[in-house]
Amino acid sequence: MTYSDPYHLTTVHTPEAPAPGATRADVLRVLLWAVLVISAVGNSVASYAAASTPVHLALGAVTALCVAALVAQRLRGRR
């Protein structure tokens, strides 16, 4: 009887092609996430510091643009 356990780890699987390096989209995604986090934290700090309305609007606009860009990039990548 042949042992056919799919989780048997003695066989070595070698990939056909090496994994590619970071693409331009990957770099953009990381930068968008970084700007998103910074703007969200900045908005929280502005709220705590009782900053003026234009500061909140600017940080909120940056946050919204980052979210929209990340969603667009995600939807474009699914095609």
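Within segment 39-58, track down each residue that is under 19 Å from the mean Cα position of the chain (by Cα) and hydrophobic (A, V, I, L, M, F, W, C). Across segment 39-58, the qualifying residues are 40, 41. All told, residue 47 meets the bar of being modelled with pLDDT under 90, part of a helix (DSSP H, G or I) and not acidic (Asp, Glu). Within segment 30-54, residues that are in contact (Cβ under 8 Å) with a residue 24 or more places away in the chain sit with their Cβ atoms under 6 Å from residues that are surrounded by 15 or more Cβ atoms within 10 Å (Cβ to Cβ), at 6+ positions apart or across chains, in these pairs: 32/66; 32/69; 32/70; 35/66; 36/66; 39/59; 39/62; 39/63. All conditions but one from (1) at pLDDT 85 or above; (2) exposed (fewer than 10 other Cβ atoms within 10 Å of the Cβ); (3) basic (Lys, Arg) apply to residue 29; the one that does not is (2).
Looking across segment 41-66, the residues that are surrounded by 14 or more Cβ atoms within 10 Å (Cβ to Cβ) and within 28 Å of residue 25 (Cα to Cα) come down to 42, 43, 58, 59, 60, 62, 63, 65, 66.
The values are calculated or read from the model by the stated rules, or taken from the named source; none is laboratory data. Since this is a predicted model, take the numbers as computed values, not measurements. Reconstructed Cβ throughout: ideal geometry from the backbone, glycine too, with neighbour counts over all protein chains shown.
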